[in-house]
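First comes the structure, then the notes that go with it.
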Amino acid sequence: MKTETAVMKRFVQIIQNDEALSNPFRNRLQVYRDMVHFRFVETIENIYPILCKKLGPQLVHELIREFIAKGAKNPFIVKMSQEFGDFLRHNPKTKGYGFLEDLLWFEYSELDLLNRDFNEVKAGFDWNTHYILSSSSLIRNLSYKVYTGEFESPCIASLILYYNFDEKRVYFEEITPFAQQLIEQLQSMTLEGAVSVLAQMYELDTKVLRESVETLVKKWCNQRILIKLTEV
Amino acid sequence: MNTFHGCGLGLRREFLEDFISLKKKPDWIEITPENWIFTPHRYRESFEQIMGSLPVVAHGVSLSIGSPEPIDKSFLKEIKAFLDRYKIEHYSEHLSFSSLGGVQTYELLPLPMTRSMVMHIGDKIKRVQDFLQRPLILENASYYLAPYNEMHEVDFINEIVQYADTKLLLDVNNVYVNGTNHGFDPDDYIRQIPPSRVAYMHIAGHLEYPDEVLLLDTHGEAICKKVWKLLDRTLKKINVPVMIERDNNIPPLKELMQEYKKLSKIVAKRGTK
């Protein structure tokens, strides 16, 4: 098997790298090189369409060639795109793109939520409930509003991405710093407790606060963004 | 071993909903486990409805049985869990390799066709079968380059199947594509396959590059006349279930069912099992 192993290793090495081939238009090694390259391009462009557009085709193809040379590890091709994201984060060629981290998260998270399965049930509203963020939702602070197409000027914002169970699609919603604080507090206490903490923090009347929080939490429960802790 | 009969179709996400509303469904379906292991919520209900209603064969793409390294156990565990979950008895894979040294290419790469490889692959097949507790059916893959050979493709395949005491998924389109690209007679190749070793067959479309005298096994085109005719001749000798494989450039299900009807007619003519 030594010879066979060496042949296979050399074959993969040629496919992974850009070394010149004799008569490339008729060289079948080039056929394999192209097949692998296009498989990666197709997958990555499907998952990161906006990012690929922002970086431009030349740079994208160059980065994909480098990524192939480095070697993808996950046997599931969909998960390869996450590896590609990590590769981009550490690549010097993407250093000037301030929005990169946010856009990678935004585009990959949509696919991630679409590919998940969920067993959590819709929660009812109750002040004494300990709510947490469901597995069908993701929340993040962004430095660029990439979801509005803003890639030039930094602007801090909080975003929720959530899976819509009726339409079987992923939606996003910008939330206020207050709403974000509420979700953070809810991760470690009941809704009643979170309202008390926030009332103190913002120096607001608890009664007034309860009204707006009730509307918000009811909506999130309905969207299954929040679920009851016990139901996890 | 055959609990599926007649004609099959590869199930794809692109037409999952349309498939459910089909009045006359294919006799059986083939699925790619890698595409369904993490079944998303949006497809789960439809997928499970189909899985419970028709005979199913799983056809994998990432096992890399020809790689000189041991099988990725964690990957195999995922496959076994999936097959067990849906009670899928039949699992097929490609006679090729797609990963080496932990690096994935996500393509089916050609194997050196040697006696050492016959034993190496045969032993791996046995280990996979022991682990999965079900037979591993091997497909003759298409290849565009033969990197290092000491035997003909058909002998290589026959010896592996015999050594591992397993069965073959005979892809008729791949025989045609390989015959054209490597200059052998597809009918002669098929004559040398022992019919009792064939579990089922694939038929698919390919792309022709006349300038380069190259056929590419794309699974993205309609099945050409010459491949239909080759299937017809093959069925005279090998009487097993057949299915249409379409992975790329997937047309509306209606269009695909026209091809399926054509397949059914050919198969009915031959009185295939």
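No value in this document is a laboratory result; all are computed from the given coordinates. Bear in mind the structure is a predicted one, so any value in this text is a computation, not a measurement. We place every Cβ from the backbone using ideal geometry, glycine too, and count neighbours over all the protein chains shown.
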- Item | Farthest positive-ward along chain A dipole, Cα basis, beta-carbon charges - from A:Thr190, A:Thr3, A:Cys52 | A:Thr3
- For region B:258-263, in order, what is each residue's ³J(HN,Hα) by Karplus, 6.51 cos²θ - 1.76 cosθ + 1.60 with θ = phi - 60°, in whole Hz (x at glycine and Pro)? 5, 5, 4, 4, 4, 4
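From Cα pairs below 8 angstrom and at least 6 apart in sequence, can you work out the relative contact order of chain B, rounded to a whole percent? Walk me through the numbers on the way to the answer.
Values: 467 pairs, mean separation 48.6, N = 273.
Taking the mean separation of contacting Cα pairs over the length of chain B, I get 18 percent.
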- Once both labels are modelled 7 Å past Cα along the beta-carbon direction, what's the B:Lys236-B:Lys126 spacing in nm? 3.9
- By per-residue mean of other Cβ atoms within 10 Å, what is the highest-first order of A:158-168, B:109-119? B:109-119, A:158-168
- Of the candidates A:Phe76, A:Leu113, A:Leu209, the farthest towards the positive dipole end of chain A (Lys/Arg Cβ +1, Asp/Glu Cβ -1, centred on the Cα centre) is A:Phe76
- Message: How high is the relative contact order of chain A? Use alpha-carbon pairs under 8 Å, at least six apart in sequence, and give a whole percent.
- Response: 18
- What is the set of long-range amide H partners of B:Asp171 at a cut-off below 5 Å, with H atoms built 1.01 Å from backbone N? B:Asn140, B:His202
- Query: How large is the dipole of region A:2-97 about the Cα centre if only Lys and Arg carry +1 and Asp and Glu carry -1, each at its Cβ, rounded to the nearest 20 debye?
  - Reply: 120
- Cα lying deepest toward the dipole's positive end in chain A, options A:Thr43, A:Ile14, A:Leu159, charges on Cβ: A:Ile14
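Just counting partner chain Cβ atoms within 10 Å, what average do the residues of peptide A:30-36 show around their Cβ?
Details: counts 2, 7, 8, 1, 1, 8, 6.
What the average comes to for A:30-36 is 5.
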- Kindly write out, for region A:53-59 in residue order, the coupling ³J(HN,Hα) from the Karplus curve 6.51 cos²θ - 1.76 cosθ + 1.60 (θ = phi - 60°), rounded to whole Hz, with x marking Gly and Pro. 5, 5, 6, x, x, 5, 5
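Using a ≥ b ≥ c from the Cα gyration tensor of the protein assembly as shown (square roots of the eigenvalues), is it rounded, prolate or oblate, where a/c under 1.5 gives rounded and otherwise the larger of a/b and b/c decides, a/b for prolate? Kindly include the intermediate steps, with their values, before the conclusion.
On the way: a/c = 2.41, a/b = 1.75, b/c = 1.38.
Prolate is the answer for the protein assembly as shown, as a/c is 1.5 or above and a/b outweighs b/c.
Quick one: divide the alpha-carbon radius of gyration of region A:131-231 by 2.2 N^0.38 Å and tell me what you get.
Values: Rg = 14.5 Å, N = 101, 2.2 N^0.38 = 12.7 Å.
Its radius of gyration relative to the 2.2 N^0.38 Å reference: 1.14.
With both bridge residues required to lie in region B:167-273, what share of the DSSP beta bridges run antiparallel, to the nearest 5%? Intermediate values should be presented prior to the final figure.
On the way: 3 of 10 bridges.
Around 30 percent antiparallel, to the nearest 5.
Listed here are the pairs A:Lys79/B:Lys77; A:Lys9/A:Lys53; B:Lys77/B:Lys167; which of them are more than 24 Å apart at the Cα?
Numbers: A:Lys79/B:Lys77 17 Å; A:Lys9/A:Lys53 34 Å; B:Lys77/B:Lys167 22 Å.
Result: A:Lys9/A:Lys53 exceed 24 Å.
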- Cα centroid distance between region A:72-114 and region B:46-89, in Å? 27
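When you count, for each residue, the other Cβ atoms within 10 Å and take the mean per peptide, how do A:12-20, A:97-105 rank with the highest first?
Details: A:12-20: 14.3, A:97-105: 19.7.
Top to bottom by mean Cβ count within 10 Å: A:97-105, A:12-20.
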- Message: Can you work out the Karplus-derived ³J(HN,Hα) for every residue in region A:129-137? Use 6.51 cos²θ - 1.76 cosθ + 1.60 with θ = phi - 60°, whole Hz, and x for glycine or proline.
- Response: 7, 9, 8, 9, 5, 7, 6, 8, 9
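Are there chymotrypsin sites (Phe, Trp or Tyr not before Pro) in region A:1-63 that DSSP marks as loop and that have at most 10 other Cβ atoms within 10 Å, and which are they?
On the way: sites: A:Phe11, A:Phe25, A:Tyr32, A:Phe38, A:Phe40; in loops: A:Phe25.
The qualifying sites are A:Phe25.
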- Query: Once amide H atoms are placed 1.01 Å from N in the peptide plane, what residues at a sequence separation of 5 or more from B:Leu214, or on another chain, have their amide H within under 5 Å of its amide H?
  - Reply: B:Tyr209
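Looking at the protein assembly as shown, send over the antiparallel percent of its DSSP beta bridges, to the nearest 5. List each step's numbers first, then the result.
Working: 23 of 49 bridges.
So the antiparallel bridges in the protein assembly as shown amount to around 45 percent.
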- Query: Nearest-5 percent of antiparallel DSSP beta bridges in chain B?
  - Reply: 20
- Could you give me the percent of Cα pairs per 10 Å distance bin for chain A, shortest bin first, beginning at zero and ending with the bin that holds the maximum distance? 7, 25, 25, 19, 13, 7, 3, 1
- Task: Would you calculate a helix-derived [θ] at 222 nm for the protein assembly as shown, using -39,500 (n - 2.57) for each DSSP H run of n ≥ 4 and dividing by the full residue count, to the nearest 500?
- Result: -14500 deg cm²/dmol
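Using a 10 Å cut-off around each Cβ of peptide B:147-154, what is the average number of partner chain Cβ atoms that fall inside?
Details: counts 8, 7, 0, 1, 0, 0, 0, 0.
Partner Cβ neighbours, averaged per residue: 2.
So, with +1 on the Cβ of K and R and -1 on the Cβ of D and E, and no other charges, what is the size of the charge dipole of the protein assembly as shown about its Cα centre, to the nearest 20 debye? It would help to have the intermediate numbers written out before the result.
Details: 62 positive and 68 negative charges, 312 e Å.
So the magnitude is around 1500 debye.
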- Note on the structure: Answer in debye to the nearest 20: the dipole magnitude of region A:131-231 about its Cα centre, from +1 Lys/Arg and -1 Asp/Glu charges placed on Cβ, is 280
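When Cβ neighbours within 10 Å are restricted to other protein chains, what is their mean count per residue of peptide B:107-119?
Working: counts 9, 2, 7, 5, 4, 8, 1, 4, 0, 5, 4, 0, 1.
Per residue, the number of nearby Cβ atoms from other chains is 4 on average.
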- Check A:Val170: other-chain or 5+ apart residues with amide H under 5 Å from its amide H, H built from backbone geometry? A:Asn164
